[in-house]
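One structure below.
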Amino acid sequence: MTTDSSAIHQMTAALAPMEQGSVVSEVAERLLAYFTSGDIAPGTRLPAERQLAATLGVGRSAVREALAALEILGIVVVRPGSGTYLRDGVSELLPRTLSWGMMLGAPRTRELVELRGGLEVQAAQLAAERITDEALDRMQGHLDIMAATLDDLAAFVEADAAFHREIAESSGNQVLQELLQSIRSLLRIWVDRALTDEGHAAAALKEHAEIHTALKARDSAAVTATMRSHMETASRRLLLGFDASQ
């Protein structure tokens, strides 16, 4: 594993300062392009946020959010107390395939939100026919966590995501499951910001409970209606957070 100062010096030398006003996505794009260039070895420890920010000529918060997005995509791994590392085995194809949605701004983000809504409904429809009692029990567990974390939005969002993953897995369609996971990863930074208070979380909890009830009854029509309604409100919340950041 490369952690020596020469590797860090090589990396910072290759990243010229960016123009002022650059957004998080541009920082992530620049880092992604360098990480997949073949000039940095897998397992290399990255420079500190402060050093990257100075090199790129941007604020530390932009670097922090860009690295968070790249961690979600599986490009880097954060090891508490140690640092941020380029993940072993990073392929060039996957990040370049996935990066378009994250990097190309508002139009692509809106299209991803729209696509996610349709795919979530389809996954729920298939799950209505195929879901097991064990999966329903796990979903109830996620609902219980959501109910207990209305004042801890980070934990709430994690349980929310686990609830949706359970539905995707219960669809029995691996391609659909992987598409949804990729889209969720790309949208994660905005999903995390969509719930801004306990009122939003309480409304989302109610929507999830209705979906669970419909799935438990294996009522395809009710599953479709409840998931569609949830995705409409969830998409509005997500896009409000996205628009506020622009």
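Summary table below
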| quantity | calculated |
| --- | --- |
| Accessible surface of the stretch 111-244, 1.4 Å probe, proportion on carbon and sulfur as whole % | 53 percent |
| Calculated FRET value between ALA147 and ALA217, using beta carbons and R₀ = 22 Å, to 0.05 | 0.60 |
| Compactness of the stretch 105-244 as Cα Rg over 2.2 N^0.38 Å, two decimals | 0.97 |
| Two-site FRET efficiency, SER182 against ALA154, from Cβ-Cβ distance with R₀ of 30 Å, rounded to 0.05 | 0.85 |
| Rounded FRET efficiency, nearest 0.05, which uses the C-beta distance separating ALA161 from GLN125 and R0 of 22 Å | 0.65 |
| Test item: Cα-centred dipole of the stretch 180-232, Lys/Arg +1 and Asp/Glu -1 on Cβ, debye | 240 debye |
| Debye, to nearest 20: dipole size of the stretch 121-246, +1 on Lys, Arg Cβ, -1 on Asp, Glu Cβ | 400 debye |
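The values are calculated or read from the model by the stated rules, or taken from the named source; none is laboratory data. A quick note: this is a predicted structure, and the numbers were derived from the prediction, not measured. Neighbour counts run over all protein chains shown; Cβ positions are idealised from the backbone, glycine included. Each accessible area value is taken on the protein alone, full model and side chains, heavy atoms only, with ligands, DNA and RNA left out. Shrake-Rupley method; radii C 1.70, N 1.55, O 1.52, S 1.80 Å.
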